[in-house]
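The structure under discussion appears below in the form of structure tokens.
The values are calculated or read from the model by the stated rules, or taken from the named source; none is laboratory data. Note that the structure is a prediction, hence the values are computed from the model and not measured. Every residue, glycine as well, gets a Cβ built from its backbone with ideal geometry; the counts of neighbours run over all protein chains shown. Accessible surface areas use protein heavy atoms only, side chains included; no ligands, DNA or RNA. Shrake-Rupley method; radii C 1.70, N 1.55, O 1.52, S 1.80 Å.
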Amino acid sequence: MASEPYNSLGGYTVGIPPVPVVNDTGTVVGNVNNDYVLANTVLTDNLRYANGQSYVPVGANTQIIYNSNGAFGSSSNLTFNSSTNFLTSQNLNILGTTSLGDVANISILGGLNGYVLQTDGLGQLTWTAPTGGGGGNGSPGGSNTQVQFNNAGTFAGDAGFTYDQNTNILNVFQANAVTFVGNLTGIASNATSANTVIASSQPNITSVGTLLNLTVGGEVEANIFTGNGGNLSNLTAANLVGSVPLAAHVTSNAQSNITSVGNLVALEVAGTATAGNLNSSNRISGGNLFITGNASVVGNVSITTGNFVANGGVTFNGSNTNLGDVSYVHITGGFNGQLLGTDGQGNLSWVNGGGGGGGGTPGGPNTAVQFNYNGGFSGSSKLSYNNSTDTLTVAGPLVANTITLGAGIYAFSTSTVYSAVTTSTAANQIIWSVPSNQVSAVDFMIISTDVTANTRTTVKISSTILGSAVDYNKYAGLEINGGIGNFNVAFNAGNVLMPPSLVLRVTPKASSSCNFNMLITKYNELL
């Protein structure tokens, strides 16, 4: 092959006979097809496009290249990982209708298990705990147990409208109902049948309040008649309460108003009644009632005035024993602030409060987790626990050295902070390790600093391990003043003292003291 001038002004040819390759102006004229130069090999130190842009891809590894004002541009906020097929973007603006596919293919980080996605109406979305028990969000109005109603578009409650879920009792100050079934305590404006009548809606009732006289042309049935009974006839003696001139069955005729023996069905004593053993399935009434033996009452015990004093034992066998308001209950003994404790066998004693025994009054709103604040209980709406969903909510910063996501056999990842120091340039110094059978993958975020040399390196590393095989990827590596050194992740077969491990190694550039601060996240495969 020969090379000789094309003409007197310059230019080059190849071959014999000569074939023009470059003309006198420096333009390639040979082996050109449609404005493209065809060549098997091009050797150059700097290959550029026609606009002067470098041909070498811009940006860091995995960053997507785009047109930035006529030049190639890239950003760490727009990346594609070919290993995971993940496209990562800090912000995404969708102008048209977009189908995200099946919900199983959609993942939005953040939030806790059971949380729902909530909008502020301006396009801003946040994870929030569902409230209301029916799937709706918001905060209930009023106080605890108050029934919710719509008050001008917001939840509201009222002290005169409550529901007790323990007793299944609905309390309402006034109710307007077409039909009412059950027992009504209070005032009914209109009732077809009622034990106590307040309104005079019937023709033979001419006033409201307690009826003093009532004339009924037909038969009158009532559970209890109170009065002198002067005009009553054909009454069953067992149902009479008051003074009876003749009783059907009396056990002893020692008193003037008992004139025969037998079994008393009912007895009213104006003075003091004393009995060894008293058994009754009906009503027992008296000014003072002293029982030195046993008393078995199937019905109710009502004390209008005075006190109920039991020197022996009292046993309540009913499923619902109501002692009334706590201010009416007095149990002697103990000291101020002590609590009533049980041994689990029905025996009660006064014990000191605190220590998980439920002493004191909890602070903060309902569901607030309790903490010691200046020696007293306190709570915050930003730290709460929902025992229905087993959800602990922390609405402020959570400070911890180690965080594990998943519990028990469902533990998936554990993030922890770790630090190490090197003082030599020895190659592949191990600065962190973990037994290889305890992890499936590990992510590292490393900030290393040499104060003496005034250098720093930050780098992120993702690694995975299967048996003794290890693969890792370093990305987002940044260096100041030359950096610290080179990092790698490897498998260490171990020895008698060290089990087989996944290790993080570094080869420092300087023998001065280098500090390595790391956030390490270990991942376990859920089997």
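Mind ordering 325-331, 163-169, 388-394 by average Cβ neighbours within 10 Å, highest first? All intermediate terms of the calculation are to be shown ahead of the outcome.
Working: 325-331: 7.1, 163-169: 9.3, 388-394: 12.6.
In descending order of packing, they fall as 388-394, 163-169, 325-331.
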For the pair N69 and N150, what calculated FRET efficiency results from E = 1/(1 + (r/R0)^6), where r is the Cβ-Cβ distance and R0 = 45 Å, to the nearest 0.05? 0.20
On the full set of protein chains, 1.4 Å probe, figure out the accessible area of K522 and give it in Å² to the nearest 10. 60
Burial order of peptide ranges 414-422, 485-493 (average beta-carbon count within 10 Å, highest first): 485-493, 414-422
Evaluate the distance, in nm, between pseudo-label points positioned 7 Å from the Cα of S513 and of Q438 along their respective Cα→Cβ axes. 2.8
Sum of side-chain charges, N61 neighbourhood, beta-carbon under 13 Å (Lys, Arg +1; Asp, Glu -1): +2
At R0 = 30 Å the Cβ-Cβ FRET efficiency linking A60 and T367, nearest 0.05, sits at 0.05
Taking the Cβ of T423 as the centre, find all other residues whose Cβ is under 14 Å away and add up their charges (Lys, Arg: +1; Asp, Glu: -1). 0
What are the residues whose amide H is under 5 Å from the amide H of A295, where those residues sit 5 or more places off or on another chain and H is modelled from the backbone? L278
